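Notes for the one structure printed next.
The numbers here are math on the coordinates, done by the rules we state, and not lab data. Values in this document were obtained by computation on a predicted structure and should not be read as measured data. For neighbour counting, all protein chains shown are included, and Cβ atoms are generated from backbone atoms with ideal geometry for every residue, glycine included.
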Amino acid sequence: MPKVTFVTDKKTIEVAVGAKVPDIVDENNLTLPFGCRLGSCGTCRVIIEQGMENLNPKNSLEEDLFENFTSVGDDERLACQLVIQGDVSIRS
């Protein structure tokens, strides 16, 4: 089972392949903030410290929203859009 580390909360959680980050956050009372949960507000913008290759690819919602920001690193994603495929480390 993949392990997701939430750096800000200093917690590592084992999850099933295909788990969605919003569900993981809700089920474990983590502090990662969400606004719309639809990929349109940017509230849940996070940095992937490790394991970007273990996430689903960016979708058009993320691409479109990130075009509106002045700077976005290659290591940034919207947590509401993330599906876990392997070990990942996330910092909010």
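The set of residues from the stretch 71-92 being over 19 Å from K10 (Cβ atoms), among the small types (G, A, S) and in contact (Cβ under 8 Å) with a residue 12 or more places away in the chain comprises G73, G86. Scanning the stretch 69-80 for any residue that is of a type in the set (S, T, N, Q) and touching an Asp or Glu at 6+ places or on another chain (Cβ under 8 Å) turns up nothing.
Restricting the stretch 25-43 to residues that are closer than 12 Å to L82 by Cβ and in contact with a Phe, Trp or Tyr (Cβ under 8 Å, 6 or more places away or on another chain) leaves a set whose member that is surrounded by the most Cβ atoms within 10 Å (Cβ to Cβ) is V25.
Pairs, please: C-beta under 7 Å, at least 6 apart or cross-chain, first residue within 12 Å of V46 (Cβ to Cβ) and in the stretch 8-32, second outside any helix (DSSP H, G or I) and among the charged types (D, E, K, R)? Once the first residue is within 12 Å of V46 (Cβ to Cβ) and sits in the stretch 8-32, its partners that are outside any helix (DSSP H, G or I) and among the charged types (D, E, K, R) give T8/R91; P22/R37; L30/D9; L30/K11; T31/D9. Considering only residues of the stretch 70-89 that are crowded, with 21+ Cβ neighbours inside 10 Å and among the β-branched types (V, I, T), which is nearest to K3 (Cα to Cα)? Once the filter is applied, the top-ranked residue is V88. Is it true that N29 is touching a helix residue (DSSP H, G or I) at 6+ places or on another chain (Cβ under 7 Å) and polar (S, T, N, Q)? Against the criterion (touching a helix residue (DSSP H, G or I) at 6+ places or on another chain (Cβ under 7 Å) and polar (S, T, N, Q)), N29 does not qualify.
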